[in-house]
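In what follows, a single structure is set out as structure tokens and then discussed.
Nothing in this text is a laboratory measurement; each read-out follows from the coordinates by a stated rule. Owing to the predicted nature of the structure, the values given are computational and were not obtained by experimental measurement. No Cβ is skipped: glycine too gets one built from the backbone with ideal geometry, and neighbour counts run over all protein chains shown.
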Amino acid sequence: MKCPYCDRVKDKVVDSREARDGAVIRRRRECLLCGRRFTSYERIEEVPYMVVKKDGEREIFSPEKLRAGLLKAVHKRPVAPKQVENIVEEVETLLQEITDREIETRAIGELVMERLRELDKVAYVRFASVYRKFEDIDEFMNELKGLIDTRK
């Protein structure tokens, strides 16, 4: 490890501790040349979760992209930011439970729409209209009729 004070690479580990529930190892080091101490962190390089799109293309899962889509759907609706965050966390938990580290956008979209349907009907329709890419007004009206029928 390169010393941040003298740029030399001779040091010894003085102390090691787990951090963040074992996901990170914190090491206190002492430079053998200048004698100053510094801290380094070691973490496992994670294999990213991949999302398989409708056309078969794969891309790295982005919680920020999901959060942005949800925030657009709930814009000016009585939905707390924590509720949006809970949906993002639920999707991330779902990803952690699958073994092959790939998930179809369909599965993510359905989970998100199910949560939004329970949370706020307008946000649900906004999200569904983008996600399902309604081709015409009839498809959109059928979705709305489905919502109205479940309220009765």
In a GNM of the chain with a 10 Å cut-off on Cα contacts, which of ALA73, ALA23, ALA128 has the highest mean-square fluctuation? ALA23
³J(HN,Hα) computed for each position of segment 87-97 - Karplus, 6.51 cos²θ - 1.76 cosθ + 1.60, integer Hz, glycine/proline x: 5, 4, 5, 5, 5, 4, 5, 4, 4, 5, 7
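Once fully extended, how much extra length lies between LYS10 and ASP138, figured as 0.36 nm per residue of separation less the alpha-carbon to alpha-carbon distance?
Numbers: separation 128, 0.36 × 128 = 46.08 nm, distance 7.07 nm.
So the chain would gain 39.0 nm between LYS10 and ASP138.
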How would you rank TYR49, TYR41, TYR5, going from fewest to most other Cβ atoms within 10 Å of each one's own Cβ? TYR41, TYR5, TYR49
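Can you put ARG43, ARG27 in order, fewest other beta carbons within 10 Å first?
On the way: ARG43 10, ARG27 16.
Neighbour counts put them in this order, fewest first: ARG43, ARG27.
Would you mind ranking VAL74, VAL24 so that the residue whose beta carbon has the fewest other beta carbons within 10 Å leads the list? Show your work: numbers first, answer last.
Values: VAL74 23, VAL24 13.
Ranking VAL74, VAL24 by Cβ neighbours within 10 Å, fewest first, gives VAL24, VAL74.
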Extreme residue, positive dipole direction of the chain, given options GLY146, VAL79, LEU33 (C-beta unit charges): LEU33
The long-range amide H neighbours of ASP11, using H built 1.01 Å from N in the peptide plane and a cut-off of under 5 Å, are LEU32
Local net charge near ARG36, Cβ-Cβ under 10 Å (Lys/Arg +1, Asp/Glu -1): 0
Assuming R0 = 25 Å, can you tell me the calculated FRET efficiency for the pair ASP100 and SER129, based on Cβ-Cβ distance, to the nearest 0.05? 0.25
